[in-house]
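Have a look at the structure below before the remarks.
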C-alpha cells in the first residue's frame with residue numbers, strides 16, 4: 001500500500017488497534033435470532049455491552065442527554081487517530097483530510113438515507129441550526145414559528161435575528177400530553193401567516209423526550225410555502241428514521257449525543273436544492289451551485305474527531321440501531337410506567353409508546369426541580385438535570401444502553417420516597 005492510500009484509509013486504522021470490535025461482534029452474533037423488542041429487556045446481553053464503558057462509580061448517571069460518552073473501543077480509536085494525525089502533521093492536512101471528511105459525511109448520511117452532498121460535519125446542533133437561522137436572507141416583517149420548549153440556543157438566535165432584521169417570532173407551546181398528531185399540527189398551523197418564512201420544530205423535544213409528528217408538520221408548512229428546520233439533537237441515532245420520511249428542508253444534530261461520537265461533532269443536513277438559499281457564516285471560494293462545502297468553511301479543525309465518527313458508527317452498526325432504539329424505549333417505559341400514577345408525581349412525557357423513546361421527564365409537586373436534582377445527587381448518588389421551562393418542570397432522565405434496570409429501580413424508589 002502506498003503512502004497516500006495508507007493516509008486515505010486512516011479512518012479505518014482503528015480496526016487494527018488493541019481494542020477491536022471482534023468481541024462485540026461475537027456478543028451480538030449470539031442474539032441475531034432475537035427480535036429487537038424481545039432483546040430489549042435481556043439484562044444479561046446489555047450487561048455485556050455495559051462492559052465496553054468505563055463508568056464512574058461515584059453515582060448513577062441518568063444524564064446522558066448532554067453527552068453520551070464513548071465506549072472504550074471508540075475512545076481508543078480516537079486516541080490512535082490523534083497519534084496518527086499528529087505523526088503525519090501538515091502532510092496529512094494538505095493531502096487527504098478532505099477526502100476522509102467526505103467519507104465521514106457519506107457514513108453519517110447513510111444512517112438517515114440522504115447523500116453526502118447534503119451533509120456537512122459540524123461541531124453540534126447549535127452550530128448546525130444557527131448556520132441556517134443566521135444564513136437566511138431575512139427581510140423586515142418576515143416571520144418565524146417555533147415553540148417555547150425549543151432549545152435555548154436557537155431561541156436566542158431567533159431573538160438576535162428579530163433585533164437585527166426586524167423578523168417577527170411567533171411562539172407556540174407544545175402540550176406534554178397531546179390527544180393526537182392533529183392537535184400538534186394545528187398548533188403550528190395556527191401560528192403561520194402569509195409572512196412566515198421558516199418553521200422550527202423539534203424531532204424529539206429535548207426536555208421531555210416527546211417525539212413530534214415532523215412529516216405531518218412539514219407537509220402542512222410546505223403547503224403554505226413555509227420552509228421547515230428540524231432540531232434533531234436527540235433523535236439522530238436514537239430512533240431509526242430516514243430523511244425522506246421527514247421531508248424537511250434543514251436538519252441539525254449532535255453526533256456526540258446518541259451516536260456516542262467524540263465531543264464536538266455534529267451534522268447539518270440541507271436539501272440539495274436549498275443549499276444556495278443560505279449565506280455561509282464564513283466565506284468560501286466560488287463553488288458549483290448548491291455545493292454543501294460553502295456552508296462548512298471552518299478552517300483548521302481537529303480532524304481526528306471526524307475520523308472517530310467512523311468508529312462510533314461502526315460500534316452502533318455492530319449493535320444495530322433497531323436493537324439500540326428498542327433498549328432505550330424499554331428503559332424509559334420501565335421507570336415511567338412505575339411512577340405515572342403516584343400521588344404528587346408528574347411525568348411530563350407522553351405515555352403513548354409511539355410518542356417517546358429513551359428520554360423522560362418527571363417532577364414532584366411542591367419540590368423545585370433544582371432542589372430535587374440536588375437531593376437525588378446528595379442523598380441517593382443519582383445524577384440528573386433539572387428542567388424549569390414553560391410547561392415543563394421536573395428532571396430530564398436520560399439512561400443509555402449501558403444503564404441497568406437495577407439502577408432505574410434505585411431511581412424509582414428514590415422518587416417514591418421523596419414524593420411521600
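Where a number appears in this text, it was derived from the coordinates with a stated rule and is not lab data. Being a predicted model, the structure only gives us computed values, none of them experimental. Note that each Cβ is placed from the backbone with ideal geometry, even for glycine, and that neighbours are counted across all protein chains shown.
Counting neighbouring Cβ atoms within 10 Å and putting the fewest first, the residues 402, 67 line up as 67, 402.
Send over the Kirkwood Rh of the range 97-312, from the inverse of the averaged 1/r over different Cα pairs, rounded to one decimal Å.
Result for the range 97-312, one decimal place: 17.4 Å.
With each label modelled as a point 7 angstrom along the Cα→C-beta vector, the residue 245-residue 82 pair spans 3.6 nm. Across 211, 49, 401, mean-square fluctuation computed from a Gaussian network of the chain (C-alpha pairs under 10 Å connected) peaks at 49. Projected over every direction and averaged, the convex hull enclosing the alpha-carbon atoms of the range 269-420 yields 13.2 nm². Residues 155, 328, ranked from the fewest to the most other C-beta atoms within 10 Å, line up as 155, 328.
Each of the peptides 21-30, 184-193 was scored by the mean count of other Cβ atoms within 10 Å over its residues; in descending order, highest first, they stand as 184-193, 21-30. Model label sites at residue 282 and residue 137, defined 7 Å from Cα along the beta-carbon direction, differ in position by 2.5 nm. Ordering 251, 315, 269 by the number of other Cβ atoms within 10 Å of each residue's own Cβ, fewest first, gives 315, 269, 251.
As a calculated quantity, the FRET efficiency between residue 173 and residue 27 at R0 = 51 Å, using C-beta atoms, amounts to about 0.70. In the P(r) worked out for the range 88-225, what percent of Cα pairs fall beyond 17 Å? Value for the range 88-225: 67 percent of Cα pairs lie more than 17 Å apart. Modelled spin labels at residue 367 and residue 197, positioned 7 Å past Cα toward Cβ, are 4.7 nm from each other.
Using only helices, what value at 222 nm comes out for the chain when you add -39,500 (n - 2.57) per DSSP H run of length 4 or more and divide by the total residues, to the nearest 500 deg cm²/dmol?
After summing the helix terms and dividing by the residues of the chain, the value is -12500 deg cm²/dmol.
If the segment from residue 353 to residue 20 were pulled out straight at 0.36 nm per residue, it would be longer than the present Cα-Cα gap by 116.3 nm. Highest GNM mean-square fluctuation among 152, 41, 299, for the chain modelled with Cα contacts below 10 Å: 299. For the Cα trace of the range 117-185, dividing Rg by the Kirkwood Rh returns an Rg/Rh value of 1.03.
Of the residues 139, 48, 101, the one that moves most in a GNM of the chain with alpha-carbon contacts below 10 Å is 139.
Could you compute Rg(Cα) / (2.2 N^0.38 Å) for the range 370-420, with N its residue count? Spell out each step's value before the answer.
On the way: Rg = 11.3 Å, N = 51, 2.2 N^0.38 = 9.8 Å.
So the range 370-420 has a normalised radius of gyration of 1.15.
Report D for the chain in µm² per second (integer): Stokes-Einstein, Kirkwood Rh on Cα pairs, 4 °C, 1.567 mPa s. Translational D for this selection: 58 µm²/s.
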